[in-house]
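First up is the structure itself, then whatever we jot down about it.
The values are calculated or read from the model by the stated rules, or taken from the named source; none is laboratory data. All values reported here derive from a predicted model rather than from experimental measurement. Please note: Cβ atoms are built from the backbone with ideal geometry, for glycine as well, and neighbour counts cover all protein chains shown. The accessibility values were calculated without ligands, DNA or RNA, using every heavy atom of the protein model including side chains. Shrake-Rupley method; radii C 1.70, N 1.55, O 1.52, S 1.80 Å.
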Number of protein chains: 2
Amino acid sequence: MNAMEVVRALGALAQEHRLAVYRLLVQAGPDGMAAGALADALGVPASSMSFHLAQLAYAGLVSQRRQSRSIIYTADYQAMNALMAYMTENCCGGVACAPDAPCNPAAAEEGALP
Amino acid sequence: MNAMEVVRALGALAQEHRLAVYRLLVQAGPDGMAAGALADALGVPASSMSFHLAQLAYAGLVSQRRQSRSIIYTADYQAMNALMAYMTENCCGGVACAPDAPCNPAAAEEGALP
DNA sequence: TCGATATTTATCGAATCATTGAGGTGAATG
DNA sequence: CATTCACCTCAATGATTCGATAAATATCGA
């Protein structure tokens, strides 16, 4: 995942409705949810929801599949992992992490920080 | 961390320069970096860098401290953790996660997914 | 206090984004 | 085949954001 893709993904999530949709999908798991169900759950007009889902799809954060008349959206967990990995890459230079760093492993070296 | 704060944080990171700055700070660790050094490292005018740093600070992603003439910025690792926690909260409904889900623990139930 | 360095604030044009309604496509049903 | 349902695309509008320049503020050393 390169910088441009990450910026696109973060930009896609930096919006009230899209963040809410994404969280719903993350919680829904591999079964996903239909576009209509999402619009319903969040009280957003269908056309608006379609717009937001398109943005999330363009950013690679969700994927879609057709199921008879409905289109089912699912969160792309690999993309989410890649996103987090990008942001925490080489955290603290790779050694002796800060206490709450996302890469907590090396906080082991006790006393390294005041 | 509530939805509004998360949106603010994601919005702050959804920009080429700010994402780059944040990564530099994450890698720099608790020592942080001076505003000037950041502007220098990324080839961004100092005033622009100041603007972007202000956005990151407003979003709660970085903190600042004065060191003589320089202002040293450091990544706020707790905020980063909270951000990731928010996005993956109750992932897959809490049970039998998808193979690449960010909350991999429950992928243990082998065969739960095709 | 003066000058130099480091950072912030102010301002403005260009670009991007969110929202909404109207109209269009594809799939099931009678 | 025509209708209905679920969803998407398009275009217009109002709001927000980015990048750059120029001016202002804060700190240090002499």
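Structural remarks
- Identity of the residue in segment B:68-78, surrounded by 15 or more Cβ atoms within 10 Å (Cβ to Cβ) and not in a helix (DSSP H, G or I), that ends up farthest from the chain's Cα centre (by Cα): B:71
- Filter result for residue A:93 (away from DNA strand D (no atom under 16 Å from the Cβ), touching a strand residue (DSSP E or B) at 6+ places or on another chain (Cβ under 9 Å) and not aliphatic (A, V, I, L, M)): no
- Residue B:65 vs. criteria more than 8 Å from chain A (Cβ to nearest Cβ), surrounded by fewer than 16 Cβ atoms within 10 Å (Cβ to Cβ), within 21 Å of residue A:99 (Cα to Cα) and over 17 Å from the mean Cα position of the chain (by Cα): yes
- Where helices (runs of 4 or more DSSP H) sit wholly within segment A:1-62, those with at least 3 residues that are more than 9 Å from chain B (Cβ to nearest Cβ) occupy A:16-28, A:35-42, A:46-58.
- Only listed residue being open to solvent by 40 Å² or more (accessible area, probe 1.4 Å), within 14 Å of chain A (Cβ to nearest Cβ) and modelled with pLDDT of 90 or more, chosen from B:90, B:104, B:81: B:81
Okay, residues lined up against (1) of a type in the set (Lys, Arg); (2) in contact (Cβ under 8 Å) with a residue 60 or more places away in the chain; (3) away from DNA strand D (no atom under 14 Å from the Cβ):
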| site | (1), (2), (3) |
| --- | --- |
| A:21 | no, no, no |
| A:63 | no, no, no |
| A:79 | no, yes, yes |
| A:88 | no, no, yes |
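- Residues being within 13 Å of another protein chain (Cβ to nearest Cβ) and either under 16 Å from residue B:28 (Cβ atoms) or touching a His at 6+ places or on another chain (Cβ under 6 Å) (or both) - total across segment B:68-78: 4
- Any hit, segment B:45-62, residues being closer than 24 Å to residue A:8 by Cα, away from DNA strand C (no atom under 16 Å from the Cβ) and surrounded by 14 or more Cβ atoms within 10 Å (Cβ to Cβ): no
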